[in-house]
Structure formats: structure tokens, C-alpha cells
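S.K.: First, the structure itself, so that you have it in front of you.
The values are calculated or read from the model by the stated rules, or taken from the named source; none is laboratory data. Remember, it's a predicted structure, so these values are computed and weren't measured experimentally. Note that each Cβ is placed from the backbone with ideal geometry, even for glycine, and that neighbours are counted across all protein chains shown. For the accessible areas, the whole protein counts, side chains as well, though only heavy atoms, and no ligand, DNA or RNA atoms are used. Shrake-Rupley method; radii C 1.70, N 1.55, O 1.52, S 1.80 Å.
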Amino acid sequence: MRPVQCAACGNQVLCEKFSPAHTSVQWTADAAVACAEIRDRVGRGATSARIRTCRALRSSIDRAVADGTLEADGVRVDV
């Protein structure tokens, strides 16, 4: 797993790509505190453990794939 930092909130997660469609994300901080989007969703009643990601983190992961920082099984993945 490789660290990826969200460009919006600075929260860092660990990611692993198994294919272009399959991304595993392991949170390393309390997302309900670090991420404004997740914090807002929790404030509206969602359970933080059931929220998989936010748009900004998804964009940051896609950017890491595009620049080669995050690769799938050692092979660069085009998004």
C-alpha cells in the first residue's frame, strides 16, 4: 500500500490498485474529523464507517495513478 494525500483536506490514506477498477483504501486518520465532506455527511446522520470516500480523495487517488505514484500490481494504470 502506498500513501496518498487528499489535495483538499490533507488527510492521508494508504491505497493499493489491483486493476483500473479496483482500489483498496485504508484510512490512517479519523476521516470524520479530517475531511469536510465526510464530516458534513456524518453531521447529516451518516455513519462514518459506511462512507467509503469523498470526491476530493477520489480525485487525489486518480491523480496519483496518472502521475505514476500509485500503480496496479507494478504496472502503470491509465485513468
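S.K.: Around S48, with a cut-off of 9 angstrom between Cβ atoms, what is the net charge of the other residues, counting Lys and Arg +1 and Asp and Glu -1? Before the final figure, lay out the partial values.
M.R.: Numbers: positive: R39, R41, R50; negative: D30.
Net of charged neighbours comes to +2.
S.K.: For the pair A36 and L14, what calculated FRET efficiency results from E = 1/(1 + (r/R0)^6), where r is the Cβ-Cβ distance and R0 = 25 Å, to the nearest 0.05?
M.R.: Working: r = 21 Å, r/R0 = 0.83.
For R0 = 25 Å, the calculated efficiency reads 0.75.
S.K.: Right, next: Over the C-alpha atoms of the chain, what are the Rg and the largest Cα-to-Cα span, Dmax, in Å?
M.R.: According to the Cα coordinates of the chain, Rg and Dmax are 12.7, 40 Å.
S.K.: Loop only per DSSP, at most 12 neighbouring Cβ atoms within 10 Å: give me the trypsin sites (Lys or Arg not before Pro) in region 20-65, ordered by residue number.
M.R.: Values: sites: R39, R41, R44, R50, R52, R55, R58, R63; in loops: R44, R52.
In loop regions of region 20-65 (DSSP not H, G, I, E or B), the sparsely surrounded trypsin sites (Lys or Arg not before Pro) are R44, R52.
S.K.: Mind checking the per residue accessible area of the chain for me, 1.4 Å probe, whole number of Å²? Walk me through the intermediate numbers first.
M.R.: On the way: 4960 Å² over 79 residues.
Per residue, the chain has 63 Å² of solvent-accessible surface.
S.K.: Quick one: with all protein chains in place, what share of the accessible area of the chain is carbon or sulfur, to the nearest percent (1.4 Å probe)?
M.R.: Exposed carbon and sulfur together represent 47 percent of the surface.
S.K.: Which of the GluC sites (Glu not before Pro) across region 1-72 are loop residues per DSSP, with 16 or fewer other Cβ within 10 Å? Each step should come with its number before you reach the end.
M.R.: Working: sites: E16, E37, E71; in loops: E71.
Hits after loop and neighbour filter: E71.
S.K.: Tell me, what HN-Hα J-couplings in whole Hz come from the Karplus equation 6.51 cos²θ - 1.76 cosθ + 1.60 at θ = phi - 60° for each residue of region 51-61, using x for Gly and Pro?
M.R.: 8, 7, 6, 10, 4, 5, 5, 4, 5, 5, 5
S.K.: Pull out the extension gain between S48 and A7, defined as 0.36 nm times the separation in residues minus the alpha carbon to alpha carbon distance; nm, one decimal. Walk me through the numbers on the way to the answer.
M.R.: Working: separation 41, 0.36 × 41 = 14.76 nm, distance 2.01 nm.
Here the segment from S48 to A7 would lengthen by 12.8 nm.
S.K.: D30 accessible area, nearest 10 Å², 1.4 Å probe?
M.R.: D30 exposes around 90 Å² with every protein chain in place.
S.K.: If the chain between R63 and H22 were fully stretched, how many nm would it gain, using 0.36 nm times the residue separation less the Cα-Cα distance?
M.R.: Details: separation 41, 0.36 × 41 = 14.76 nm, distance 1.53 nm.
This chain segment gains 13.2 nm when fully extended.
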